[in-house]
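Take a look at the structure set out below.
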Amino acid sequence: MLIKTRKASDIPSSEITPESVYLNRRHFMAALAGGAVASGMSGNALALVGNPAAEDAGRPKWWRNAVEQRVDGMPNAKDSLTPYSDATRYNNFYEFGTGKTDPSEYAGKFKTDPWQVTIDGEVGKPGTFTLEDILKPHPLEERIYRFRCVEAWSMVVPWVGFSLADLIKRFEPTSKAKYVAFETLYDPEQMPGQSSRFSGIKWPYVEGLRLDEAMNPLTMMVVGLYGRTLPNQNGAPLRLMVPWKYGFKSIKSIVKITLTEKQPPTTWNLLAPGEYGFYSNVNPLVDHPRWSQSRERRLPNSLFDPNWHDTQMFNGYEEEVASLYKGMDLKKFY
Ligand code: MTE
């Protein structure tokens, strides 16, 4: 992005640690193989690094129960999982700082309960709701998605959530609704990055999708990962996940969802329109003006083992989403 951040290859090997208490054995074994072998750490050492159980324990019971009762969703990426510690310590969340470890270091005390979400604009049933009311009608699914950042690093994460389409339908979009706009909480007292001029971002962070993109079954509202409630640094309590788009579209800590007739403004497009488009579909054929998008460094990685992967069209979700862009010039609508 615009701001200089640590490169993926800067991650010390001590951070290459799997989620050692992850309950699903299939996922745990895969993460263990990826992380423990790469770092050469023993099982006991791994258990000491990070304590997701403690992080999770402070969440409201209804939230923890909902995540616990998740079922397997589709489609599940076959790639091996990124270790939990990478997914939760190598983050972009500029409200808490511009460094990759700032969010995990500074978001610990961020208050996610109580939490309210307003749904308004071109809907028949607008209103402001508690997170519990938002989640209640939606059984949660675990979906393993590839996640590709515009900075050319990537992860494979088991997200827990539900299709945004099901949420939107509940609020009855009008015939004028063509786009969906999202907004992150604005609270500079809790989010120190919002009072810093360094990033150049006009807060709050905003994002948007075309309505048909939002209604695609892959587009997900996320409240958990690796079988646990969503950590603050990953966008608790509620974030978006659009697996065929660059990561910055997947806005965190959402407080407002507005259906609109016109295309809404989006944070990175406002900041650098020539570099970050509204669509931002993962596309190995359209480079960022300052770097290639043909390959990505999959986490975990290191200076000696950058773990390069070829980037796939629509991040590998071409079958599910290519029809949304039929006839569009994807170089022009980047
Ligand atoms: N949402 C908000 N509110 N603020 C941010 O800075 N960063 C985006 C996206 N959502 C961001 C955000 C970017 S650039 C990326 S790559 C992903 O969150 C990172 O998600 P992760 O930290 O869970 O990997």
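The values are calculated or read from the model by the stated rules, or taken from the named source; none is laboratory data. This one's a predicted model, so the numbers in the text were calculated from it and none came from an experiment. Every residue, glycine as well, gets a Cβ built from its backbone with ideal geometry; the counts of neighbours run over all protein chains shown. Surface accessibility is based on the protein's heavy atoms, side chains included, excluding ligands, DNA and RNA. Shrake-Rupley method; radii C 1.70, N 1.55, O 1.52, S 1.80 Å.
Miscellaneous remarks
- Of the criteria (1) within 15 Å of the ligand (Cβ to nearest atom); (2) in a loop (DSSP other than H, G, I, E, B), which one K262 fails: (1)
- V117 vs. criteria crowded, with 20+ Cβ neighbours inside 10 Å, within 15 Å of the chain's Cα centre (by Cα) and within 16 Å of the ligand (Cβ to nearest atom): no
- Residue that is touching a strand residue (DSSP E or B) at 6+ places or on another chain (Cβ under 9 Å), among the polar types (S, T, N, Q), surrounded by 12 or more Cβ atoms within 10 Å (Cβ to Cβ) and within 20 Å of R210 (Cα to Cα), where the choices are N307, N281: N281
- Of all residues in segment 161-170, those satisfying the criterion of being surrounded by fewer than 24 Cβ atoms within 10 Å (Cβ to Cβ) and in contact (Cβ under 8 Å) with a residue 12 or more places away in the chain are F162, S163, A165, D166, L167, I168, R170.
- Annotation: M74 fulfils all but one of (1) open to solvent by 40 Å² or more (accessible area, probe 1.4 Å); (2) within 16 Å of the ligand (Cβ to nearest atom); (3) of a type outside the set (S, T, N, Q); (4) touching a strand residue (DSSP E or B) at 6+ places or on another chain (Cβ under 8 Å); the unmet one is (2).
- Strands (runs of 3 or more DSSP E) enclosed by segment 52-149 - at least 1 residues per element that are on the phi < 0 side of the Ramachandran plot and of a type in the set (K, R): 141-148
- From the list E318, E296, E261, the lone residue that is farther than 26 Å from G200 by Cα, acidic (D, E) and touching a His at 6+ places or on another chain (Cβ under 6 Å) is E296.
- The one condition in (1) away from the ligand (no atom under 14 Å from the Cβ); (2) under 17 Å from G235 (Cβ atoms); (3) in contact with a Pro (Cβ under 8 Å, 6 or more places away or on another chain); (4) not aromatic (F, W, Y) that V123 fails to fulfil: (2)
- Any hit, segment 245-253, residues being surrounded by fewer than 21 Cβ atoms within 10 Å (Cβ to Cβ) and either without any contact (Cβ under 8 Å) to a residue 40 or more places away in the chain or more than 9 Å from the ligand (Cβ to nearest atom) (or both): no
- Considering (1) away from the ligand (no atom under 16 Å from the Cβ); (2) over 19 Å from S253 (Cα atoms); (3) open to solvent by 60 Å² or more (accessible area, probe 1.4 Å), the lone condition that T174 does not fulfil carries the number (3).
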